[in-house]
Every structure is written in C-alpha cells, then in structure tokens.
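*Asks:* Let me give you the structure first, and then I'll get to my questions.
The values are calculated or read from the model by the stated rules, or taken from the named source; none is laboratory data. Please read all numbers here as calculations on a predicted model, not as lab measurements. Here the Cβ positions follow ideal geometry from the backbone for every residue, glycine too, while neighbour counts run over all protein chains shown. Just the protein is used for accessible areas: all its heavy atoms, side chains included, with ligands, DNA and RNA removed. Shrake-Rupley method; radii C 1.70, N 1.55, O 1.52, S 1.80 Å.
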Amino acid sequence: MTKLIVDGKEIDVPAEYTLLQACEAAGAEIPRFCYHERLSIAGNCRMCLVEIKGGPKPVASCAWGVRDCRPGPNGEPPQISTRSPMVKKAREGVMEFLLINHPLDCPICDQGGECDLQDQAMGYGVDTSRFAENKRAVEDKYLGALVKTVMTRCIQCTRCVRFSAEVCGAPEMGAIGRGEDMEITTYLESALTSELQGNLVDICPVGALTSKPYAFAARPWELGKTQSIDVMDAVGSAIRVDTRGREVMRILPRVNEAVNEEWISDKTRHIVDGLRTQRLDRPYIREDGVLREASWPEAFAAIAAKVPQAESKRIGAIAGDLAAVEEMFALKELLSKLGSSNVAVQGGDAFDPAAGRASYIFNSTIAGIEQADALLIVGSNPRKEAAILNARIRKRWRTGQLKIGVIGESADLTYDHDYLGAGPESLADLAAGKNRFLGVLKGASNPIVLVGAGATSRRDGRAILAAAAKLAADVGALKEGWNGFAVLHDAASRVGALDLGFAPGKLGMNVAQMTEPGALDVLFSLGADEIEVPAGTFVVYIGTHGDAGAHRADVILPGAAYTEKTGIYVNTEGRVQMADRAGFPPGEAREDWAIIRALSDVLGKTLGYDSLAALRQAMFKVVPHLMRIDQIEAGDSRAVKNLAGKGGNIDKSPFKAAIDDYYLTNPIARASAVMAECSRLASGRMLTAAE
C-alpha cells in the first residue's frame with residue numbers, strides 16, 4: 001500500500017491504482033469523459049485533471065499512476081489537490097474547448113437528463129462562448145438497427161472504439177482523420193455485428209450514440225423504474241425495466257459484478273416492442289379447426305370436458321423457456337393430483353434432478369471464470385447462447401492466463417482457441433490422450449469443462465454429459481474449493497425446473513416421448529413454443545404470444561410476460577433471482593400460477609393456496625434454497641463423479657449449434673420488429689449508409 005494525501009486527507013491505496021482511483025477512494029469526485037473503469041486508459045479528454053504538489057501543471061489523473069508520484073522533499077507522502085484554483089481553471093478550460101464545436105441540442109437530444117457532458121457543464125461550464133467561428137459539422141454514421149448516431153455531438157472520447165475492441169471482441173469502430181477532422185466511424189459504415197453493441201449507448205458520455213428503437217420515445221424523468229432480471233438466456237442479467245403507464249419503454253442494465261457486470265445483450269435490451277406485439281389478451285377455443293374468442297369459464301369448461309376422459313398416464317405438461325418457478329411448481333402439483341408424472345422442461349431431457357444439483361449447473365460460477373486457466377467448451381457457442389458469459393470468457397482470455405479448446409461447430413467466439421473437433425469422437429480422443437489439449441487441462445490449476453446445449457439437447461445428451469463429467473474428474477477439475485464441471489443452459493426456466501423436480505420420474509415421459517404420435521391425450525403447454533405436438537393430442541396452451549404454441553393449441557389461456565409478474569428464476573450457475581412486476585398483462589390475461597390455480601378448482605383438484613405468498617411458502621417447504629434470493633446453493637462434486645460413472649451409448653454425429661438465429665429464440669423476440677431487423681442484418685445482407 002502507498003500513502004497519499006488527497007485534499008488534506010491521508011489514505012492508503014494499492015500502488016497499481018491510478019490517481020483517479022485514489023482520489024475517489026478518498027471521497028473526491030473526479031469528472032471524466034474518456035475514462036471507464038472496465039476499459040483501457042486513453043487519457044484524451046483531460047477532464048480529470050488534478051494538481052500534484054510541486055508539479056508545474058495539472059496532470060490527467062486517469063493516466064497517472066500512484067507509483068509515479070514522488071514523495072515530498074522530506075519524504076512526506078505526495079499531496080494531491082482536486083479542488084485547487086489551478087484544477088478548477090484547468091477543468092473549466094477543458095470544458096470550454098469541448099463545447100466549442102458541441103451543438104446546442106440539449107432540448108432535442110435523446111441523452112438529455114442522462115448526459116455526462118450536460119451534468120459536468122453545470123459545474124465547469126460558462127454561460128457564454130468566446131468563440132464566434134462556425135461549429136464543426138460531421139455526417140452521421142450508419143451503425144445498424146440498434147445504435148443511432150449524431151456524430152456532430154461526438155467529443156472523441158473513444159469509449160465506443162475501446163468497448164468494441166476490448167469487450168465485444170469485434171473491432172469494427174475506429175477513428176479517421178486528425179485534429180479538427182477526426183471522426184469516429186465504422187469500417188465502410190456497415191452494421192455492427194456484436195451481440196453487445198447496445199451497450200455503446202450506455203457508455204457514450206454525450207448524445208452521439210443513442211438507442212435507435214427508443215429515439216424520441218420518452219424522457220428519463222417521466223418513467224417508472226423497476227429492478228428485475230432478464231430471461232432471454234440463462235445468465236440472469238440484472239436489468240432495470242422503465243415503464244410509462246402500463247407500457248414498457250426500455251430495458252437497461254443494472255450493475256451486478258457476480259453476473260453481468262454492467263453489460264446486457266442486445267436481445268435483452270431491445271425485445272421491448274415484442275412485449276406489446278402479437279399478445280394473447282383473452283382465452284381462445286378451437287372449434288371446427290378454427291380458434292375463436294371465448295370467456296374464461298368457457299375455456300375452463302372445454303378443458304374440464306376433456307381431461308377426465310383421458311387416462312392419467314396419458315396427460316402431460318411441458319414448460320417453456322421463459323417459465324418462472326412458481327407456475328411450474330403449481331403445474332407440477334396439478335399434474336400430480338391428476339395422477340400423472342409426465343412433466344418436463346424444454347431442452348431438459350439430458351438431466352436427472354435426482355443425480356444432484358452439481359450435475360446440471362455452472363458449478364464454477366460466472367465470476368469464477370476469472371480464476372480459470374484452462375477451458376474446454378463442448379457442444380456450445382457461448383456467443384449465441386450466453387453473450388454476457390462469453391464476454392466474461394473474453395475478459396479472462398485477454399489477461400493471457402486462459403487457454404481455450406472447443407469441440408463443436410467452428411465459430412467466431414471473439415477470442416483465440418484451439419479447435420479440437422466437431423463431435424463426440426473428438427471428445428473421446430481428447431479423453432484418451434490423443435490431443436495435446438489434455439495436457440493443458442491436466443496442468444491447469446482451475447480447469448473448466450463447459451457443456452452446452454448443442455451437446456445436451458441431443459438424444460444421447462445424457463451420455464455426452466456423463467463423458468464430459470468423467471473428463472472433468474480425470475483432469476482434476478473436481479477438487480477442494482473448485483468444481484470445474486459447468487453446464488451452460490440456454491433457457492431461463494431450465495435450472496429452476498430441475499430444482500423443483502419438474503422432470504419425469506421413473507414412470508414419467510420426457511419431452512421427446514411426450515411429443516411422439518399417440519403418446520398423450522392431453523398436453524399442458526406452459527409457453528412451450530419450440531416443440532412440435534403431433535395431431536390427436538388435446539393441447540392447453542398457457543402463454544403470452546400468438547406464436548407456434550398458440551397456433552397448435554386447442555385451448556389458449558393468456559398468461560403474463562416476465563415484466564408483468566413477480567417471479568423467481570434460477571440462472572445457469574444456480575443463483576436464485578427475483579424478477580419484479582413492472583406492468584400488468586393486457587386485456588383478460590392473468591399471471592400463470594393464478595390460471596393454474598383457477599383451473600385446478602374447475603377440474604376438482606384444488607391446489608392448496610390462494611395467493612402467491614402461500615404458493616411460495618408451499619414451494620419453499622419442498623425446495624428450501626429457492627427462498628435465498630441472489631445466493632447459490634452449491635452443488636456437491638460427488639454428484640458429478642457419480643454422473644461420470646453412468647456412461648451410455650453416444651452417436652458419432654457432430655454437434656450442431658443449439659441456436660440458429662440468436663435474435664429469434666423465443667416468442668417475445670420473434671414478435672419484435674427490432675429483433676427481426678437484427679436477424680436480417682446478421683443473416684448476411686448488410687445495409688449501406690445510402691439505404
């Protein structure tokens with residue numbers, strides 16, 4: 001630790017700190033534009049100037065290290081001033097230069113109310129300008145469907161350039177020209193390709209980069225703000241849902257160092273229009289092959305007429321990717337009262353909850369990636385399945401301390417890796433020592449074997465999971481203080497479903513078996529839109545959108561989207577999280593658990609709770625760890641070792657990507673025009689600026 005005196009206050013800080021960090025540790029407020037704690041240091045805005053006693057001029061605190069400060073003549077600690085007349089005059093001079101060419105757009109700028117330049121101009125700006133020359137004008141750039149540009153406002157802080165190159169791993173932005181002619185642009189002004197590009201809007205300190213879908217929609221001070229959790233993937237990013245009245249206007253990230261840091265994916269941020277498009281707002285019944293509007297009593301009566309006619313073993317339930325644990329718990333209870341154990345979650349056939357929690361969660365945790373020194377990715381494309389987790393892998397890789405091997409489809413993952421093969425045979429060769437990467441895994445202190453949906457969604461997924469677990473055990477990934485067996489799920493509901501035991505028992509059918517012709521008479525689909533149900537099965541669909549599941553349904557019961565209900569989710573690392581209600585469902589739609597509770601009454605199998613609180617109390621008695629919000633119930637590594645011994649027959653066909661189109665993976669995303677445009681751009685046809 002190094003001693004410093006900041007504004008008369010003596011502090012101890014690490015020698016590797018910058019002066020800016022040291023001053024903030026002492027409680028001083030340092031203005032900045034180019035500096036961002038998660039990006040490399042540029043030192044080009046000069047707004048963070050401070051005075052070092054004895055120095056001839058102020059220094060940029062973001063680029064000056066604590067270890068570079070010299071002690072006083074008698075060995076006293078370096079003295080830093082952040083409020084001296086020299087500092088005030090220097091910052092006012094910098095602000096004056098920044099505002100020379102900045103347009104007077106504040107009344108019409110989308111960044112108004114959230115603009116760093118606006119805020120700091122209040123402290124260091126003046127009310128008049130000494131410059132009478134014409135302001136510089138810069139042409140706007142085309143960056144794609146998500147980021148709108150007004151480049152005349154740009155102050156060349158280069159945060160966007162550094163974010164694209166360092167965090168996204170897609171170095172598509174840069175600066176051209178020099179001095180007054182410098183401009184930030186993209187290569188040939190084509191659309192950005194990163195799944196994290198929406199974060200450019202958050203890190204831009206002025207209104208040069210703003211959200212194109214949200215442009216001129218609302219002002220920040222007129223929005224209600226609700227803290228919630230994202231369900232577009234299994235990462236569980238912390239988000240803030242901003243609403244005006246009943247309508248969701250935008251979604252922004254919240255800081256959560258353990259999960260998403262301060263970034264969110266573009267799908268998380270921009271599915272907002274999908275929440276109000278193609279919504280189911282009343283029940284429907286299929287008559288003579290055509291769906292017609294119905295009342296709730298009519299819809300329940302149609303179900304009550306069908307269910308008693310079916311044998312209990314021919315009744316099943318499948319939960320979709322966006323289901324919260326409360327409605328899955330209620331649905332499982334209802335099926336149990338009907339005498340059926342045919343319950344399963346989409347994509348969960350490879351997992352057995354009875355094997356232990358460690359057999360199906362990301363045991364090393366997302367933050368634990370930063371301690372890993374070797375990573376084997378099996379049957380997964382983290383860039384599409386969990387873009388935020390992929391950014392965390394890239395962050396660790398950039399330190400030079402993480403070696404990565406990939407078995408599966410070859411793809412650009414934004415970091416260098418050893419491509420070891422396409423399928424299970426490559427995994428077997430690696431385990432047999434036929435590939436040098438086995439030595440990398442064995443020589444690592446904290447290796448991770450990551451298994452993705454491309455492996456577990458196959459018919460032989462359980463055997464592949466066992467083979468990966470055996471490899472993890474063999475290379476020393478299971479030891480005291482470290483569990484390197486990691487399952488990367490691609491659906492928000494899956495870990496919660498497995499925790500609840502929403503999976504077939506010994507006599508129950510899994511998703512593959514339930515969707516075979518003639519297997520079921522009645523199927524309850526809880527937002528399961530990615531399955532194909534054969535003809536002859538009576539389908540009760542509880543969901544939010546007129547997607548594939550609703551088109552196949554015989555009775556539709558309109559449910560609530562994740563922003564319209566309070567629900568518990570469990571992310572891929574097993575972290576229990578709470579999504580809070582930001583609005584209310586449209587029309588006659590209701591919360592899913594309430595629909596199931598009301599239906600149980602009509603079927604004569606009444607569930608024993610009348611409120612969400614009572615439901616949760618019943619659920620917590622069965623699965624106690626679900627009450628511990630934002631905590632992870634660690635899995636026992638013995639479960640992974642037991643899984644390793646199960647073996648099984650493995651097909652030789654190569655792994656296929658679990659996600660074909662990143663932007664259209666669920667009903668909300670498929671209802672979004674913004675996601676449709678992103679999908680079109682990603683498919684290969686890039687718009688030019690002229691178009």
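*Asks:* Could you pull out the residue among Val451, Val475, Val511 that is among the aliphatic types (A, V, I, L, M), modelled with pLDDT of 95 or more, open to solvent by less than 30 Å² (accessible area, probe 1.4 Å) and under 26 Å from Glu633 (Cβ atoms)?
*Replies:* Val451
*Asks:* Then there is this: Quick check: is even one residue across segment 174-182 under 23 Å from Gly43 (Cβ atoms), open to solvent by less than 10 Å² (accessible area, probe 1.4 Å) and assigned to a helix (DSSP H, G or I)?
*Replies:* So far as segment 174-182 goes, no, none of its residues is under 23 Å from Gly43 (Cβ atoms), open to solvent by less than 10 Å² (accessible area, probe 1.4 Å) and assigned to a helix (DSSP H, G or I).
*Asks:* Of (1) closer than 19 Å to Val451 by Cβ; (2) open to solvent by 30 Å² or more (accessible area, probe 1.4 Å); (3) not β-branched (Val, Ile, Thr), Gln401 satisfies all except one. Which?
*Replies:* Tallying (1) closer than 19 Å to Val451 by Cβ; (2) open to solvent by 30 Å² or more (accessible area, probe 1.4 Å); (3) not β-branched (Val, Ile, Thr), Gln401 fails exactly one: (1).
*Asks:* Turning to a different aspect of this structure: Name the one entry in Gly604, Gly645 that is at pLDDT 90 or above, more than 26 Å from the chain's Cα centre (by Cα), of a type outside the set (Lys, Arg) and loosely packed, with under 15 Cβ neighbours inside 10 Å.
*Replies:* Testing whether each residue is at pLDDT 90 or above, more than 26 Å from the chain's Cα centre (by Cα), of a type outside the set (Lys, Arg) and loosely packed, with under 15 Cβ neighbours inside 10 Å leaves just Gly604.
*Asks:* Counting only residues that are charged (D, E, K, R) and within 25 Å of Leu209 (Cβ to Cβ), which one in segment 115-132 is farthest from the chain's Cα centre (by Cα)?
*Replies:* Filtering segment 115-132 for residues that are charged (D, E, K, R) and within 25 Å of Leu209 (Cβ to Cβ), the one farthest from the chain's Cα centre (by Cα) comes out as Asp119.
*Asks:* Quick check: anything in segment 346-362 within 30 Å of Asn446 (Cβ to Cβ), part of a strand (DSSP E or B), touching a strand residue (DSSP E or B) at 6+ places or on another chain (Cβ under 6 Å) and open to solvent by less than 10 Å² (accessible area, probe 1.4 Å)?
*Replies:* yes
*Asks:* Against the definition (farther than 30 Å from Ile596 by Cβ and not hydroxyl-bearing (Ser, Thr, Tyr)), how does Asp499 come out, yes or no?
*Replies:* Spelling it out, it is not the case that Asp499 is farther than 30 Å from Ile596 by Cβ and not hydroxyl-bearing (Ser, Thr, Tyr).
*Asks:* Could you please let me know if Pro205 is in contact (Cβ under 8 Å) with a residue 40 or more places away in the chain, under 23 Å from Lys384 (Cβ atoms) and part of a loop (DSSP other than H, G, I, E, B)?
*Replies:* no
*Asks:* While we're looking at this one, here's another question. If you go through segment 611-619 one residue at a time, do you hit one that is touching a helix residue (DSSP H, G or I) at 6+ places or on another chain (Cβ under 9 Å), outside any helix (DSSP H, G or I) and in contact (Cβ under 8 Å) with a residue 40 or more places away in the chain?
*Replies:* No; the residues of segment 611-619 include none that is touching a helix residue (DSSP H, G or I) at 6+ places or on another chain (Cβ under 9 Å), outside any helix (DSSP H, G or I) and in contact (Cβ under 8 Å) with a residue 40 or more places away in the chain.
*Asks:* Going through Ser84, Ser61 one at a time, which residue ends up being in contact (Cβ under 8 Å) with a residue 24 or more places away in the chain and touching an Asp or Glu at 6+ places or on another chain (Cβ under 6 Å)?
*Replies:* Checking each option against the conditions leaves just Ser84.
*Asks:* Given (1) under 18 Å from Val325 (Cβ atoms); (2) crowded, with 23+ Cβ neighbours inside 10 Å, identify the lone condition not met by Ala582.
*Replies:* It fails just one condition, (1).
*Asks:* Could we say that Leu615 is touching a Phe, Trp or Tyr at 6+ places or on another chain (Cβ under 8 Å) and among the aliphatic types (A, V, I, L, M) here?
*Replies:* Yes: the conditions hold for Leu615.
*Asks:* Still on this model: With the requirement that a residue be more than 22 Å from the chain's Cα centre (by Cα) and under 30 Å from Glu139 (Cβ atoms), what does segment 189-243 give you?
*Replies:* Glu189, Ser190, Pro205, Val206, Gly207, Ala208, Ala215, Phe216, Ala217, Ala218, Arg219, Pro220, listed by residue number.
*Asks:* Let me spell it out: the conditions are (1) open to solvent by less than 20 Å² (accessible area, probe 1.4 Å); (2) outside any helix (DSSP H, G or I); (3) of a type outside the set (Phe, Trp, Tyr); (4) out of contact with any Ser or Thr (no Cβ under 9 Å at 6 or more places or on another chain), and Gly113 meets all of them except one. Which number is the exception?
*Replies:* Condition (1) is where Gly113 drops out.
*Asks:* May I ask you to list the residues in segment 516-528 that are under 30 Å from the mean Cα position of the chain (by Cα) and open to solvent by 10 Å² or more (accessible area, probe 1.4 Å)?
*Replies:* Within segment 516-528, just Gly527 meets the criteria.
*Asks:* Could you say which residue among Asp429, Asp490 is open to solvent by 10 Å² or more (accessible area, probe 1.4 Å), part of a loop (DSSP other than H, G, I, E, B), at pLDDT below 95 and closer than 17 Å to Ile377 by Cβ?
*Replies:* Answer to the selection: Asp490.
*Asks:* Of all residues in segment 309-331, count the ones that are closer than 13 Å to Pro504 by Cα and without any contact (Cβ under 8 Å) to a residue 40 or more places away in the chain.
*Replies:* 0
Listed here are the residues, each with its yes/no results for (1) among the aliphatic types (A, V, I, L, M); (2) touching a Leu at 6+ places or on another chain (Cβ under 6 Å).
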position	(1), (2)
Leu430	yes, yes
Ala444	yes, no
Ile448	yes, yes
Asp499	no, no
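*Asks:* Condition check: closer than 30 Å to Glu183 by Cα, in contact (Cβ under 8 Å) with a residue 60 or more places away in the chain and of a type in the set (A, V, I, L, M). Does Met95 satisfy that?
*Replies:* Judged against the criteria, Met95 is not a match.
*Asks:* Kindly indicate the residue of segment 72-102 that is in contact with a helix residue (DSSP H, G or I) (Cβ under 9 Å, 6 or more places away or on another chain) and of a type in the set (S, T, N, Q) and also surrounded by the most Cβ atoms within 10 Å (Cβ to Cβ) among those meeting that condition.
*Replies:* Looking at the filtered set, the residue picked out is Thr82.
*Asks:* When you scan segment 549-579, how many residues do you find that are open to solvent by 20 Å² or more (accessible area, probe 1.4 Å) and either polar (S, T, N, Q) or in contact (Cβ under 8 Å) with a residue 60 or more places away in the chain (or both)?
*Replies:* Count: 4.
Residue-by-condition table, conditions (1) touching a Cys at 6+ places or on another chain (Cβ under 8 Å); (2) in a loop (DSSP other than H, G, I, E, B); (3) within 25 Å of Glu262 (Cα to Cα):
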residue: Glu29; (1), (2), (3): no, yes, yes
residue: Glu37; (1), (2), (3): no, yes, yes
residue: Ala63; (1), (2), (3): no, yes, yes
residue: Arg67; (1), (2), (3): no, no, no
residue: Pro71; (1), (2), (3): no, yes, no
residue: Pro77; (1), (2), (3): no, yes, no
residue: Lys88; (1), (2), (3): no, no, no
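*Asks:* Exactly one of (1) open to solvent by 20 Å² or more (accessible area, probe 1.4 Å); (2) in a loop (DSSP other than H, G, I, E, B) is unmet by Ala170. Its number?
*Replies:* (1)
*Asks:* Next up: For segment 618-632, does any single residue satisfy the condition of being more than 18 Å from Ala355 (Cα to Cα), out of contact with any Leu (no Cβ under 6 Å at 6 or more places or on another chain), basic (Lys, Arg) and surrounded by 15 or more Cβ atoms within 10 Å (Cβ to Cβ)?
*Replies:* No, that holds for no residue.
*Asks:* I would also like to ask the following. Every residue in segment 660-677 that is in contact (Cβ under 8 Å) with a residue 24 or more places away in the chain, within 22 Å of Ser190 (Cα to Cα), open to solvent by 10 Å² or more (accessible area, probe 1.4 Å) and assigned to a helix (DSSP H, G or I), please.
*Replies:* Result: Ala673, Val674, Glu677.
*Asks:* Let me ask something additional. Where the second residue is part of a loop (DSSP other than H, G, I, E, B) and surrounded by fewer than 24 Cβ atoms within 10 Å (Cβ to Cβ) and the first is among the polar types (S, T, N, Q) and lies in segment 387-411, which pairs have Cβ atoms under 6 Å and are six or more apart or on separate chains?
*Replies:* What qualifies is Gln401/Asp373.
*Asks:* Related question: Does segment 59-68 contain at least one residue that is at pLDDT 90 or above, closer than 27 Å to Ala208 by Cα, hydroxyl-bearing (Ser, Thr, Tyr) and exposed (fewer than 14 other Cβ atoms within 10 Å of the Cβ)?
*Replies:* no
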